[in-house]
Amino acid sequence: MAVNVPVPTRQISLSAPFRDQKPGTSGLRKSSKQFETPHYLESFIEASLRVLPGVAGGTLVVGGDGRYGNRRAIGVIARMAAAHGVARLITTTGGILSTPAASHLIRQHQAIGGVILSASHNPGGPEGDFGVKINGANGGPTPESITDAIYAATQQLDGYCILEDAPELALDQPSSQQLGAMAVHVVDGVDDYVTLMQKLFDFDAIAALLKGDFPVAFDAMHAVTGPYATRILEGLLGAPAGTVRNGTPLEDFGGGHPDPNLTYAHELAELLLGSDAYRFGAACDGDGDRNMILGTRCFVNPSDSLAVLTANATLVPGYADGLAGVARSMPTSAATDVVAKQLGIACYETPTGWKFFGNLLDAGRITLCGEESFGTGSNHIREKDGLWAVLFWLNILAKRREPVAQIMAEHWGRFGRHYYSRHDYEAIASDAAHGLYNRVKEMQPGLVGQAFAGRTIATADDFAYTDPVDGSLTSGQGLRLLLNDGSRVVLRLSGTGTQGATLRVYLESYVPPSGNLSQDPQLALGDLITAIDGLAEIKRRTGMERPTVIT
Ligand code: G1P
Ligand code: ZN
């Protein structure tokens, strides 16, 4: 029985505010060490609790991807939430909660928002990274107006409020507890999410597919999706034990880098691309919002994945009535645009980061959305959703009964192919990255009309976006060189890295259905790759012979 034990609130003074708490593309992301600096986490939470609307008397969701620091942070946030008058805190067993499941819990419980503890796909552990993401009442990342206000609050903070000497929360099983005047509900972080997936997808059809000769390999990368995938794939859908690999969340992700791409999920990639043993392979990232999709000897580029989901959506019960519209981030290829055009639905191009999809989803303008960075999602929540994408693909495969490679070939045969690649130069000196970037930016006005990779530069700009719902303007989102034949190169500096700077180069060219659809993307894009290096002097200025990650 919950007992209301009065616990004193304490006001802790800060000698000086922390100046380095500017949230990036997805929240505040720093090294675990920095988060262990006394009062560092508390400062950011204080600022967030002061800014988020409805804190006093409201419901707050808290959980994370299980990385080092997760449990400690939940304890701190709970004691601070109680001190700020939060009426009800919802957290999960073991503190394990994927980002998409958190989004769903916020929506389901009409919470004022949530605090998600994750540095997404960045490595974890004492030497790795930690992160805090603040989501709003719609379940999605808070808009820039809120993150800016939180940052401004951190700049002036002289102290914070926390419950003193409160007992530690028991997170081992579902329960109801009391922390001062605040009720704490510890729920199973997997249950509600699974119920939501069952509403959207044809579990019977997928189970029937998996019963046949259809071996699947899913790599949870020792991160948060392990318990979710095991329950869904091996439990409800009847896939054999062992289908889910690396399924136990570990504080340091087993020393790995839980980013589902060809570089960091190479074991899975080798299984699918180098043998005929599996029909389908997938992996998710640290906090479960990213996905990588593979078929036998076939890698599905995330931009293409969004296009395939769009083209096949009506095969899935949750989307059987068709789509209101779709959206993709600017650096994502235009493969989805072509499908949307044929379907006669709107297609929006937004800046990088999930928060820009939120307004479009809330306004009912779009149903599906995605990014080239292995993020795909829909109006079922307000975050991208890794396992959702995996189930969407399995549902399509269960209906079409064709190999993944054939689905891709048929897709390109119908819509044409957008050859696409992203080259990442990670952890480069900040000066070199900004120097290179600013130089191209200054060159840009003079580039229009110039020759580039045997074509002509038709437009050169720095991408800006006016939100069609609230009219807000977001500028400085990436340098674009749009060529006269529809191909393009984009340069962007990452907003999520924690070491130095990361330069991303996005390359894309379109081949119509009548063209050569089966080239290697790096070869198909070879002339663009050479031309952008010549223009931006990437190798010379970064000192790197090749990118860290090629997708
Ligand atoms: C990266 C991705 C971006 C994604 C973000 C959060 O951000 O490129 O698409 O929304 O992670 O997962 P970046 O490091 O490029 O700023
Ligand atoms: Zn993530």
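The values are calculated or read from the model by the stated rules, or taken from the named source; none is laboratory data. Just so it is clear, the structure is predicted and the values come from calculations on it, not from any experiment. Positions of Cβ are backbone-derived with ideal geometry, glycine not excepted, and every protein chain shown enters the neighbour counts. Accessible surface is based on the protein model in full, side chains and every heavy atom, while ligands, DNA and RNA are left aside. Shrake-Rupley method; radii C 1.70, N 1.55, O 1.52, S 1.80 Å.
What you get for region 160-272, charging only the Cβ of Lys and Arg (+1) and of Asp and Glu (-1), is a dipole of about 400 debye around the Cα centre.
Can you sort K211, K441 by 1.4 Å-probe accessible area, starting with the largest? Working shown, then result.
Details: K211 170, K441 95 Å².
Sorted descending by solvent-accessible area, the residues read K211, K441.
What the Kirkwood sum gives for the chain is a hydrodynamic radius of 24.0 Å, with every pair of different alpha carbons counted.
Taking a temperature of 20 °C and a viscosity of 1.002 mPa s, what whole-number D in µm²/s does Stokes-Einstein yield for region 356-410 with Rh from Kirkwood over alpha carbon pairs? Stokes-Einstein gives a translational diffusion coefficient of 173 µm²/s.
Heavy-atom accessible surface of R231, to the nearest 10 Å², is about 80 Å², with a 1.4 Å probe and all protein chains retained.
Protein chains only, probe 1.4 Å: how do R540, R10 rank by accessible area, largest first? Display every interim value, and only then the final one.
Numbers: R540 170, R10 115 Å².
Output order, biggest surface exposure first: R540, R10.
Counting only other residues whose beta carbon sits under 11 Å from that of T93, what net charge do I get with K and R as +1, D and E as -1? Summing Lys and Arg as +1 and Asp and Glu as -1 gives -3. Candidates Y465, F452, A429 compared by Cα position along the dipole of region 404-496: farthest toward the positive end lies F452, with charges placed on Cβ. Around the Cα centre of the chain, unit charges on the Cβ atoms of Lys, Arg, Asp and Glu (plus for the first two, minus for the last two) sum to a dipole of about 560 debye. Over the C-alpha trace of region 421-460, radius of gyration and Dmax come out as 12.8, 34 angstrom. In whole percents, the pair-distance distribution calculated for region 222-290 from its alpha-carbon pairs, binned every 10 Å from zero, is 20, 52, 27, 0.
Set the Förster radius R0 to 51 Å, insert the Cβ-Cβ distance between A170 and V469 as r into 1/(1 + (r/R0)^6), and round the FRET efficiency to 0.05. Display every interim value, and only then the final one.
Working: r = 43 Å, r/R0 = 0.83.
The value I calculate is 0.75.
Which log10 I(q)/I(0) values, to two decimals, does region 398-540 give at q = 0.16, 0.19, 0.21 Å⁻¹ under the Debye formula with one point per Cα? Normalising to I(0) and taking log10 leaves -0.95, -1.14, -1.25.
Region 155-301: Rg/Rh from Cα coordinates, Kirkwood Rh? Display every interim value, and only then the final one.
Details: Rg = 19.4 Å, Rh = 17.6 Å.
Answer for region 155-301: 1.10.
For the chain, DSSP calls about 70 percent of its internal beta bridges antiparallel.
Y151 exposes around 60 Å² of accessible area when a 1.4 Å probe is run over every protein chain in place.
Taking Lys and Arg as +1 and Asp and Glu as -1, the other residues whose beta-carbon sits under 10 Å from that of G288 total -4.
Solvent-accessible area per residue in the chain equals 37 Å², computed with a 1.4 angstrom probe and all protein chains kept.
Quick one: net charge of L503's neighbours, Cβ under 14 Å, K/R +1, D/E -1?
Values: positive: R422, R439, K441, R492, R504, K539, R540, R541, R546; negative: D424, E426, D431, D533, E537.
Once positives and negatives cancel, what remains is +4.
Charge dipole (Cα centre; +1 on Lys/Arg Cβ, -1 on Asp/Glu Cβ; no other charges) of region 21-72 amounts to roughly 180 debye. Using the Cα coordinates of region 1-139, the gyration tensor eigenvalues translate into equivalent-ellipsoid semi-axes of 22, 19, 15 Å, sorted from longest to shortest. Computed from Cα atoms, the angle from the helix 526-536 axis to the main principal axis of the chain rounds to 60 degrees.
Rank these residues by their accessible area, most exposed first, probe 1.4 Å: D385, D20.
Numbers: D385 0, D20 60 Å².
So, going from the largest accessible area down, we get D20, D385.
Annotation for V448 and T195: the two label points, set 7 Å from Cα along the Cα-Cβ direction, are 5.5 nm apart.
Each of A223, G377, I532 was scored by the projection of its Cα onto the charge dipole of the chain, and the greatest displacement toward the positive side belongs to I532; charges sit on the C-beta of Lys, Arg, Asp and Glu. Close lysine pairs were tallied over the chain: pairs 8 or more places apart or on different chains with Cα atoms under 23 Å apart number 17. Relative to the longest principal axis of the Cα atoms of the chain, helix 430-447 runs at roughly 50 degrees. Here the Karplus relation 6.51 cos²θ - 1.76 cosθ + 1.60, evaluated at θ = phi - 60°, turns the backbone of region 350-355 into coupling constants of 10, x, 4, x, 5, 4 Hz, with x for every Gly and Pro.
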